[in-house]
Each structure stands twice: as structure tokens, then as C-alpha cells.
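The values are calculated or read from the model by the stated rules, or taken from the named source; none is laboratory data. Bear in mind the structure is a predicted one, so any value in this text is a computation, not a measurement. So basically every Cβ, Gly included, is an ideal-geometry build from the backbone, and we count neighbours across all protein chains shown. Accessible surface areas use protein heavy atoms only, side chains included; no ligands, DNA or RNA. Shrake-Rupley method; radii C 1.70, N 1.55, O 1.52, S 1.80 Å.
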Amino acid sequence: MIKITFPDKAVREYPEGTTAMDIAKSISEGLARNVLSAKVNGKLWDTTRPITEDSTLELLTWDSPDGKATLWHSSAHLMAEALESFYPGVKFGIGPPVEGGFYYDVDLGKNSISSDDFKKIEDKMLELARQSNTYTRKEVSKRDAIKYFEEKGDEYKLDLLKDLEDGQITFYTQGNFTDLCRGPHIPNTGYIKAVKLLNIAGAYWRGDETKKQLTRIYGITFPKQSLLQEYLVMVEEAKKRDHRKLGKEMELFTFSEKVGLGLPLWLPKGAMLRERLESFLRKAQLKSGYVPVVTPHIGNKQLYVTSGHYEKYGKDSFQPIRTPAEGEEFFLKPMNCPHHCEIYKSKPYSYKDLPVRLAEFGTVYRYEQSGELHGLTRVRGFTQDDAHLFCRPDQVKKEFIKVIDLVLYVFRALDLTEFTAQISLRDPENKAKYIGSDENWDKAEKAIIEAAAEKGLKTVVEIGEAAFYGPKLDFMVKDALGRKWQLGTIQVDYNLPERFELEYTGSDNKKHRPVMIHRAPFGSLERFVALLIEHCAGNFPMWLAPEQVIILPVSDHYMDYAKKVCTLLNNSDIRALVDERPEKVGRKIRDAEVKKFPFMLIVGEKEQETGTVSVRKHGGEDLGVKKVEEFRDYVMKEIEEKIASFEEVNAG
RNA sequence: GCCGAUGUAGCUCAGUUGGUUAGAGCUACUGAUUUGUAAUCAGUAGGUCGGGGGUUCGAGUCCCUCCAUCGGCUCCA
């Protein structure tokens, strides 16, 4: 007998060689029907694979990410089987589960495939699923594995086999399909009840542009038909939040082919929104010891040679602008840091002067491949809410904490609660990739980790993801469709101070090198606004809304009163306007709802007589009748609370 | 850039196997209606069917090409 320890610490005995499926059955039939895979001693395990020693066991169902991944991974194999039946001789690359489904990279040879073929592939997959074919695991020697794929003529699997160790290689077979695979898999194909192929894309073998491009087919499957329906509804809902759609509808920004790809044009309402964000941050930064600087949009090539950006990113920059007579070379500014370094250098500093915090809403331009452009989230010209802090090594941690405070302050004012903080450290196995002394790195990494812990951030640590010049902390947010984007970022940099030979005089009267911290709470205004739109579905926090209040007179007779109310609100800096159209109230309300006004004030005879307004919130909530002044104070208070000053928020 | 899909009025979409003057709703404009919590009625205007080339007696529809847009191109069997 072996001892099995469950997640709740309960221990039960089972015969040696029992399986997760047997154990699930011993608990309940329902569980057995839902269990997709298992974790045995922390390792993913097929439910049908014997367990031979005392183990901890976790049964994985659809409710766990690993359970989903197992179903999707098995689905990738199922799709491969379907594809092989239609396209004999098809070669397979990799077919992993991903967030939101799975894909398989295939080489169809002379055949090609399009979304028109999805239906028949889906049908075939469902047909194979209904056969409830078991996924069978088999250990094979490297020699046999190579032989198998040589016979099959699949060079991609052979390429993968090169990196695998003999004795560690397993095959999985279901129905007529056998694949090189680590597993685990679901017990049989019958667990897959609903199939939806999503899209088709080109993907280079091993992500390498110089290698052959394979056809990648994305799909998603579910253990229940109803889950597919829910998923489709969810996707439709997400599309409604798309910032590209809402940005157009709400007249925030637009693009023009004539102006150029990836170069957003901010419309008046969007520009005002941007300005509000900027002034909000400016105010907080001023209180936080930043000083503003302004630098030009182009910089001499030599500047970027010094910074190292020319060598590393030269090809991702817009090509040089030359002066006609002198032939000098300038680049459109791809980042602000080199300029800021030169500002730092404009005068000598004592250790007592540090930290120096230079802030600029700097517009930068980067060449992005045309296919990479995406609404406001990936553009070629954008404005960073950039700042560079020059500090002593002993100040790094404190400064880092202050920056985290600032980022959290910004996120709070915008109701951005769903973000993850990612700490990117260097790969200790590969120190050659990075510049700077071990001592400085250790200090900086420790400072970041401690700073994040002190602020109680939920963090994910990524080893090897640091920039070559220093570790960083990024704030990641997902868009409506679940794609991850980086917003705020805080980065420690030892490289630029070195390259620009930045100095300060220490208490020892010797020259020392400052440490630089790059930081941008929004990241870029463009991307930030995009994500903000998707997060609030266009219903901005009131202090940001392009128009905050619309006054709806019941008929023309109350127009003068409506205008009076409007003026009163405007005088208190509340953005209000009157719907003067001779429409019915119902119509005006509907239009105001569609246009996402946070507040609607209905005024008619009753209100006019009593100096009141009837308050309806966006979404339909009725706040009842209020005195005009009372409503004004209510709105002002709500705004104040939301954008409480930086010191207030950080006092506690 | 590469792979795949898409491109008809300001917006959302119809438009049979190629066949007369390309349609609808919303928006805009004009007029009537003076209205109490998600769409009042009527009329008018608006399109070189993404650009260019070709096949055809005839192209929004078929072919080629260019452009733009959308999805993807890191997540290592």
C-alpha cells in the first residue's frame, strides 16, 4: 500500500500502482467524470498513469488552469489527428495549450488551409472525440523515437528530439495519431464535448524569422457544450469594449492613412482626457519632488551612439534626418533618457543634491513593423510620462518605494485594480549578458524585491527578464480580449550613467557614479488610455469623463432653467451641457446613455419650481430629486475623493 | 515584414449563379410634434462599391496587383 496525501492534508492508503482516476472514483463518481489530470508530488500526471510511491495528489478539473491546459493540450492532439486524416503527410511542429485554448503549428506541404476549412475539421474532431479513444502513454528510447519520425518524414519532431535526453522521451497515442509528447493528457477524447477553431496564422518554426513559416491553427475546446456558448457570448462582450471601437464612437482619437500608420490623431475629447491625465500626474509629481524638463523631438546621431541605443535599436528607429548643408544626422527621438542625461550633465552635483528627478511628457517615435501596429496600444509615435531619477546607490530602494507609491496612486484614481506586478531579474547563469557589477546588481535586485514586498504588491518574479542594464518592475494589465500589456514600468539602470560619464561629488570629495531609475506610471499615454477604455468599457471615472453631466429639459419650456443649471455647474468646473433638441425625454435619455454621460439631470415643471434636478446615473440608477447646489456639491465631493492629493493618499 | 481573413454612404450591414438608374437602419439636414426616465413622425441629402489594371457585350460580384484594416507570428514535444 502507498500513502496518498490530499491538498487538505488528509492521508489515505491505496494499493501500489493505483491511478488518480481510481482515487477519484473512490471519492465520487462525479469527480471521476470531471477529473482531467493530476498533480503527483507537484508533477503533472495522467489520471491513468500508475502511482507507485507515497505521494501528494491534487486532482485537476476544468476549474484549475492546469486542468484546462490538459484538456486543451489533448485537443491539440485531436486536431492533429483530424488534420492528418484530411491532409496525409502533414508535418507537425509544436502543439501546446495556451491561455485561452491551444494551437498546433503544421507544415501542410503543398496544401493550404483557410478558415473555410474550420467547419469540416471541427466536425471531424467531434467525430473522433465521440469515439472516446484513450490517450496512451508510452516510454520510448531516443533511437526508436528518431526512427519513428524519420519514417514519417517529420523533420520538426526530429529537430525537437535533438534536444531531448534518452530515457526522458514519451509518445502519446490516441486513435490513429501518435505524437512526441511529455503529457499529461486527459483519459480519453470523450472528455472533449465542444470544439471551436479560432484563427489561422503564420508562425516561424521556433519563432525564428530565418526558419520556415508554418501554419498555426488556434482553437479552443470545452468539456461541456454550454461552456462554448458562454465563451462565445464573452467574446462578443469583449469586442464591445475594444478601445478601437469605443475610441471611434466616443470621438476620442482616429487614424488617417495620409498622416501615416500607427500615428494617432487625438480628437478634442480625447485630447482633453489626455490633458486631464497629464495634469493629474504633473501635480502629483510636483509634490513628489520631480522637476519638469523639456527636450526636443530629434537628437543628433552621436547622442544615441553614446547611449548605445543606436547600435541596439538603430534599425528600429526612423532613419536619419540630415541637415541640407552640413549633412548632420539626426534621429527622431526614440526615448528621452539620453536627453535627460545631458541635462544632468549640465551642472555638477554634490551627493547632497541627489536624488535629482527630471520629468517630461516626452513624445517619442519608434519604427514598428506594419503588422505589429494595434490601435493605440502599439503605435509609432507616442508620449511617455517619463522621468529619470539620478540617485546615490544607497537611495535606490527608497526612491523605488516612492515610485511604487506614485504608480499605485495613479492606478487607484483610475479604478485600475486588476494588474500584476512583474519583477524582472537577471539570469544568474548568464551574467555576461548584463552590464554592471555584481554588487550593484545584487543591491538593486534586493532593493526592488524588498520595495515591492514592503508595499504589499502581489508580484511575479521572472528570472532572466531584466533589461541588460538593470532589473525592473513592470505593471501588467490585460485588455478586453485577455492580451497582456505593460503599462507602468520602473527600471534601474547602471548603463547610461556609465556611458554618459555622469558624476556627483561624494562626502569623501571623490567623484561617484549615480544610479539612474527610469520610470513611467502610465507607460505611454496612448497605451494607457487604450487599456483604461477597455477596463471601464468607456465609462470613465467621473473626473476624467469628457462630459460629466447632461441636462435634459422635458420640453422647450424649461430650456432657460436647464441653461441656468448648466451655468451653475460650469462655474464650479463641472463639465455639463444641455440637450437642446426638441426630442422626447425618453429619446434624450437613451442618447445620453449611449454616449456614456455619467449623470443625466432631468428638469421639468417640478424641478423648475423648486430649484431642483432629477438625477439619473449612467446605467439607470435613480438618485432622486436634489437641489441644484446639493447635486453640485455631491459631484465635486466625488471627484475630490477620487483624485485626493498625493500626500493625502500616502499619509497613511 | 511574413501567414490568413476582410474592405459597399459618417456608422452598422444587405446586395442571388456577373445583367438596367447599388439598397436598408442609424447619423446629418429640413419640417411637423412640446414631449417626465433607453429610440415621435414625415421628407431630403449622402456611395468612381479601398486604389490601379485585366477578363467580358456587360464587373460591387471573376482574375492580377497595390493599399489599408483585423487575427496571429514569446509562451520550447
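Values computed for the structure shown
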item	result
Boolean, A:Asn188 is under 35 Å from the mean Cα position of the chain (by Cα), at pLDDT 90 or above and away from RNA strand B (no atom under 14 Å from the Cβ)	yes
Tally, over the range A:140-165, of residues that are outside any helix (DSSP H, G or I) and either more than 10 Å from RNA strand B (Cβ to nearest atom) or not assigned by TED's automatic domain parsing to the domain that holds A:Pro88 (or both)	3
Test result for A:Lys269, closer than 17 Å to A:Ala82 by Cα, more than 11 Å from RNA strand B (Cβ to nearest atom) and either basic (Lys, Arg) or in contact with a Cys (Cβ under 7 Å, 6 or more places away or on another chain) (or both)	no
Pick from the range A:578-616, criterion β-branched (Val, Ile, Thr) and loosely packed, with under 14 Cβ neighbours inside 10 Å, ranking: nearest to A:Lys564 (Cα to Cα)	A:Thr610
Scope the range A:209-241; condition out of contact with any helix residue (DSSP H, G or I) (no Cβ under 8 Å at 6 or more places or on another chain) and assigned to a strand (DSSP E or B); matching residues	A:Thr215, A:Arg216, A:Tyr218
A:Ile200 closer than 30 Å to A:Gln131 by Cα, in the same structural domain as A:Ala82 (by TED's automatic domain parsing), touching a Leu at 6+ places or on another chain (Cβ under 8 Å) and in contact (Cβ under 8 Å) with a residue 60 or more places away in the chain	no
Condition met for A:Phe171 (within 12 Å of RNA strand B (Cβ to nearest atom), part of a strand (DSSP E or B), at pLDDT 90 or above and over 27 Å from A:Leu198 (Cβ atoms))	yes
Residues of the range A:209-241 that turn out to be touching a Lys or Arg at 6+ places or on another chain (Cβ under 7 Å) and open to solvent by less than 40 Å² (accessible area, probe 1.4 Å), as a count	5
Qualifying position, being in a helix (DSSP H, G or I) and either surrounded by 12 or more Cβ atoms within 10 Å (Cβ to Cβ) or of a type in the set (Val, Ile, Thr) (or both), among A:Val625, A:Val635	A:Val635
Single match in A:Arg244, A:Arg206, A:Arg274, A:Arg182 (criterion: open to solvent by less than 50 Å² (accessible area, probe 1.4 Å) and either basic (Lys, Arg) or not in a strand (DSSP E or B) (or both))	A:Arg274
Strands (runs of 3 or more DSSP E) (entirely within the range A:293-379) containing at least 1 residues that are under 28 Å from the mean Cα position of the chain (by Cα)	A:329-332, A:356-365
Some residue of the range A:355-367 being within 16 Å of RNA strand B (Cβ to nearest atom), free of Cβ contacts under 8 Å to residues at least 60 places away in the same chain and among the charged types (D, E, K, R)	yes
Test for A:Glu454: is it of a type outside the set (A, V, I, L, M, F, W, C), open to solvent by 20 Å² or more (accessible area, probe 1.4 Å) and under 21 Å from the mean Cα position of the chain (by Cα)	no
Cβ-Cβ under 7 Å pairs, at least 6 apart or on other chains, the range A:230-242 side closer than 11 Å to A:Gly482 by Cβ, far side among the hydrophobic types (A, V, I, L, M, F, W, C) and open to solvent by less than 100 Å² (accessible area, probe 1.4 Å)	A:Ala238/A:Ala480; A:Ala238/A:Leu481
Single residue of the range A:585-634 satisfying the filter (polar (S, T, N, Q) and more than 8 Å from RNA strand B (Cβ to nearest atom)) that is nearest to A:Leu544 (Cα to Cα)	A:Thr612
Any chance A:Glu534 is assigned to a helix (DSSP H, G or I), more than 19 Å from the chain's Cα centre (by Cα) and charged (D, E, K, R)	no
Of the criteria (1) over 14 Å from A:Asn188 (Cα atoms); (2) outside any helix (DSSP H, G or I); (3) at pLDDT 90 or above; (4) open to solvent by 20 Å² or more (accessible area, probe 1.4 Å), which one A:Arg49 fails	(1)
Contacts under 7 angstrom Cβ, first residue in the range A:593-621 being in a strand (DSSP E or B), partner within 9 Å of RNA strand B (Cβ to nearest atom) and open to solvent by 70 Å² or more (accessible area, probe 1.4 Å), 6 or more apart	A:Thr612/A:Val625; A:Ser614/A:Val625; A:Arg616/A:Asp622
Odd one out for A:Tyr351, checked against (1) open to solvent by 50 Å² or more (accessible area, probe 1.4 Å); (2) farther than 30 Å from A:Asp508 by Cα	(2)
Residue in the range A:84-101 that is open to solvent by less than 40 Å² (accessible area, probe 1.4 Å), in the same structural domain as A:Asn199 (by TED's automatic domain parsing), in a helix (DSSP H, G or I) and of a type in the set (Phe, Trp, Tyr) present	no
Any hit, the range A:425-435, residues being open to solvent by less than 40 Å² (accessible area, probe 1.4 Å), in contact (Cβ under 8 Å) with a residue 40 or more places away in the chain and in the same structural domain as A:Thr489 (by TED's automatic domain parsing)	yes
Residue count, the range A:251-266 (criterion: part of a loop (DSSP other than H, G, I, E, B) and within 12 Å of RNA strand B (Cβ to nearest atom))	11
